[in-house]
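Accompanying notes for the structure given below.
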Amino acid sequence: MTENCIFCKIASGEIPSATLYEDADFRVILDVGPASKGHMLILPKQHFANICEMPEELTGKAFILAKHMAEKMEKALGCDGINVLQNNHEAAGQTVFHFHIHLIPRMANDKVGITWKPGKLTDEDRDEIVKKITEE
Ligand code: AMP
Ligand code: ZN
């Protein structure tokens, strides 16, 4: 538990939450500022700030749980689609610095704005990124 981390307190049960699922490693809760009705958050019980800090095995478990909750979401809520989203660092929109996965139910033609304006992959960018990533 990291002091003053709201998600540590929620995940441990110290702060009550609308809990949808719980096991030894995770708690799944309803987001209090939902992008859409049924927006869920998967919280590990141990504190890790972001995906790069997470141990591999727990990261794998988190995404397997995301799949299970997505299946449940589709069946129980009858949504048309689901966004699985995970923000890392402030620049990417992370506001709570305790790893979490968002599951956002979507309906056809809803006005939930998880989108971007597509750019263009130039040959220069492609070559640069392929080189940088595959050289590591
Ligand atoms: P992120 O921007 O990826 O860090 O997402 C943080 C999310 O946590 C936002 O969607 C908030 O609405 C949500 N959130 C913040 N505080 C709480 C809380 N006490 N209980 C449930 N969700 C929260
Ligand atoms: Zn925490």
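The values are calculated or read from the model by the stated rules, or taken from the named source; none is laboratory data. A quick note: this is a predicted structure, and the numbers were derived from the prediction, not measured. All Cβ positions, glycine included, derive from the backbone under ideal geometry; neighbour counts span all protein chains shown. To get the accessible areas, we keep the full protein, side chains included, count just its heavy atoms, and leave off ligands, DNA and RNA. Shrake-Rupley method; radii C 1.70, N 1.55, O 1.52, S 1.80 Å.
A compact table of results
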quantity: Solvent-accessible area, 1.4 Å probe, carbon plus sulfur percent, for the chain; calculated: 55
quantity: Extension gain (nm, one decimal) between R106 and E135, 0.36 nm per residue minus Cα-Cα; calculated: 6.6 nm
quantity: Of K75/K111; K45/K67; K37/K67; K37/K120, pairs whose Cα-Cα distance is over 24 Å; calculated: K37/K120
quantity: Accessible area (Å², per residue) of the chain, counting only protein heavy atoms and a probe of 1.4 Å; calculated: 67
quantity: Highest-fluctuation residue, K75, K61, K120 considered, GNM on the chain with Cα pairs under 10 Å; calculated: K120
quantity: Cysteines having no other Cys beta carbon under 4.7 Å from their own, within the chain; calculated: C52, C79
quantity: Space enclosed by the convex hull of the alpha-carbon atoms of region 15-76, per residue, Å³; calculated: 103
quantity: Whole-number Å³ per residue for the convex hull built on Cα positions in the chain; calculated: 144
quantity: Distance between modelled label sites at I51 and A24, nm, 7 Å Cα→Cβ extension; calculated: 2.6
